[in-house]
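The values are calculated or read from the model by the stated rules, or taken from the named source; none is laboratory data. Owing to the predicted nature of the structure, the values given are computational and were not obtained by experimental measurement. Note that we place each Cβ from the backbone using ideal geometry, even for glycine, and neighbour counts take in every protein chain shown. In case anyone asks, the SASA skips ligands and DNA or RNA and just uses the protein heavy atoms, side chains included. Shrake-Rupley method; radii C 1.70, N 1.55, O 1.52, S 1.80 Å.
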Amino acid sequence: MLPFASCLPGSLLLWALLLLLLGAASPQDSEEPDSYTECTDGYEWDADSQHCRDVNECLTIPEACKGEMKCINHYGGYLCLPRSAAVINDLHGEGPPPPVPPAQHPNPCPPGYEPDEQESCVDIDECRYRYCQHRCVNLPGSFRCQCEPGFQLGPNNRSCVDVNECDMGAPCEQRCFNSYGTFLCRCNQGYELHRDGFSCSDIDECSYSSYLCQYRCVNEPGRFSCHCPQGYQLLATRLCQDIDECESGAHQCSESQTCVNFHGGYRCVDTNRCVEPYVQVSDNRCLCPVSNPLCREQPSSIVHRYMSITSERSVPADVFQIQATSVYPGAYNAFQIRAGNTQGDFYIRQINNVSAMLVLARPVTGPREYVLDLEMVTMNSLMSYRASSVLRLTVFVGAYAF
C-alpha cells in the first residue's frame with residue numbers, strides 16, 4: 001500500500017499510481033549514441049575534427065617512390081611520377097573532398113537510408129563521402145567500390161590494390177615488369193620490343209655497322225658472332241689472327257722440307273734450295289766456289305729468307321732491313337734490287353755503308369708472292385776488288401689487310 005494512500009482522494013490516487021508505473025518503466029540513464037571512427041585506406045581518423053582526413057603517404061612511407069620517380073600525394077593515396085612530370089591540382093576549381101562524417105544515431109530508417117525533411121526515408125549517396133579509393137557506384141541503400149584497370153578490390157572492399165599482371169599471364173613474350181597499376185614488357189639483350197608492346201624482334205647488329213667484325217659478321221637470334229677466313233682464328237671477339245701452322249704442327253711438310261708460315265697459310269720449301277753451280281754450306285745459304293769457272297760472273301753467295309706482309313698496307317713502308325755480315329777496311333758497299341721487281345713495287349733506301357732498307361713503294365693486294373734478289377756489291381777501288389752477294393727474299397702478300 002502506498003504511503004498516505006488513505007489521505008488522497010480517489011482521482012489523485014489513480015494519478016499517483018500512473019506516475020509511479022511510468023517512472024519504473026523508464027531507464028534511469030539514456031544510451032549514448034555510437035560514434036563512427038573507421039576510415040577507408042588512405043585516410044585516418046582525426047579526433048579533433050571528428051572526421052576522416054587524408055594521409056600524406058609521401059611523408060609517412062620511407063622511399064615511397066624508387067629511382068628517378070617523385071611522390072605526389074592525393075586523396076586516399078599517392079602517385080609515383082617522373083620528376084619532369086607537371087602536376088596540375090584542382091582541375092575543376094574544387095577544394096578538397098568533404099570529410100567523411102560520423103554516422104548519426106539514432107536513425108529510424110533502414111541501413112543505407114536517412115530521413116528527409118518530410119520524415120520519409122531516402123537513399124544515402126555514400127559516394128559523396130569518398131568511401132572508395134577509386135570509383136564508387138551508388139546503389140539503393142548501399143554502394144559498391146570499383147577499381148581502375150590494373151587494380152583489384154582489397155579485403156575491405158573499398159581500397160584498391162595493385163594487380164601483378166606478370167603473375168597472371170601477361171602477354172609479354174620475354175620479360176615482364178610489374179608497375180603500379182600496369183605492367184611493362186621488355187626484351188632480352190639482342191632483341192627489341194615490337195610496336196605491339198608485347199613481342200620481341202631480333203636485332204640485326206650486323207646491319208648497323210661494318211666495323212663490328214674485322215672479317216665477317218654473322219647475325220644470330222639475340223646476338224651476333226664474328227667469323228674469320230680460313231687460315232685465321234678469332235682473337236677476342238672481333239679480330240682475326242693468323243694461325244701459325246708451322247708452330248702448331250698443323251702442316252703437311254716432310255722431313256726434307258721447311259715449313260714457312262705467312263698470313264693465312266703456309267708453304268713447304270725444300271731445305272736445300274741451292275742450284276748449280278752453288279752448293280749448300282748451311283741452312284738457307286748457298287755458296288758458289290771460286291774454283292768453279294762458272295762462278296766468276298755470279299754472286300759469291302745466296303741466302304734464302306722469307307717474310308709475309310698484309311694486303312693494302314699503307315705506303316711507303318719499311319718492310320725488310322739488309323745488313324752486311326762482314327766489313328772490310330777500305331771497302332764500300334752498295335745495295336740494289338737485282339731481280340724480281342719488274343713492276344717497281346719496292347725500292348732500296350741505303351742507311352749507311354753496311355745496311356739498307358727494303359721499302360714497299362705502293363699498296364699491293366694479295367694473295368701474291370714476290371721473289372726479290374737483294375744484292376750487296378762490295379768494292380775497293382785501291383785494290384781493284386769487286387764482289388757481290390745476294391739475299392733472295394720471298395715476300396708473301398696475304399689476301400686480307402690483317
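Some points to look at:
- Tyr215 versus Cys127: modelled label distance in nm, points set 7 Å from Cα along the beta carbon direction: 7.3 nm
- Think of the chain as a dipole: +1 on every Lys or Arg Cβ, -1 on every Asp or Glu Cβ, centred on the Cα centre; then among Gly330, Tyr306, Asn164, Gly330 lies furthest on the positive end.
- Converting phi to 3J(HN,Hα) with the Karplus coefficients 6.51, -1.76 and 1.60 and the offset θ = phi - 60°, the stretch 116-122 yields 9, 5, 8, 6, 9, 8, 10 Hz in sequence order, with x at every glycine or proline.
- Among Ser209, Ser120, Ser254, the largest mean-square fluctuation in a Gaussian network model of the chain (Cα springs under 10 Å) belongs to Ser120.
- DSSP beta bridge pairing in the chain, given as percent antiparallel to the nearest 5: 90 percent
- J(HN,Hα) series, the stretch 355-366, from Karplus relation 6.51 cos²θ - 1.76 cosθ + 1.60, nearest Hz, glycine and proline x: 8, 8, 10, 7, 10, 7, 8, 8, x, 10, 10, x
- Options (1) 23.5; (2) 33.3; (3) 22.0 - which one matches Kirkwood radius over Cα pairs in Å as calculated here: (2)
- Cα centroid separation, the stretch 101-180 to the stretch 302-358: 95 Å.
- With respect to the chain, whose longest principal axis is taken over its alpha-carbon atoms, helix 10-25 is tilted by about 10°.
- Area of His134 that stays accessible when all protein chains are in place (1.4 Å probe, Å², to 10): 60 Å²
- The 3J(HN,Hα) values that the Karplus relation (6.51, -1.76, 1.60; θ = phi - 60°) gives for the stretch 148-159 are, in residue order, 5, x, x, 10, 9, 5, x, x, 8, 6, 10, 7 Hz. Gly and Pro appear as x.
- Trypsin sites (Lys or Arg not before Pro) restricted to the stretch 160-237 and DSSP loop, no more than 16 other C-beta within 10 Å: Arg195
- A cut-off of 5 Å between modelled amide H atoms, ignoring neighbours fewer than 5 places along the same chain, links Arg313 with Val364.
- Note on the chain: with neighbouring protein chains present and a 1.4 Å probe, carbon and sulfur make up 52 percent of its accessible heavy-atom surface.
- Accessible surface, the chain, averaged per residue in Å² (probe 1.4 Å): 66 Å²
- Derived value for the stretch 256-402: Kirkwood hydrodynamic radius 16.5 Å. Basis is the mean of 1/r over every pair of different alpha-carbon atoms.
- The stretch 318-402: radius of gyration over Cα atoms, expressed as a fraction of 2.2 N^0.38 Å: 1.24
- Spacing of the modelled spin labels on Met69 and Ser282, each 7 Å from Cα toward Cβ, amounts to 8.0 nm.
- Amide H contacts of Gly264 (H built 1.01 Å from N, in plane; Pro and chain starts excluded): Ile243 sit under 5 Å, all sequence-distant by 5 or more or on other chains.
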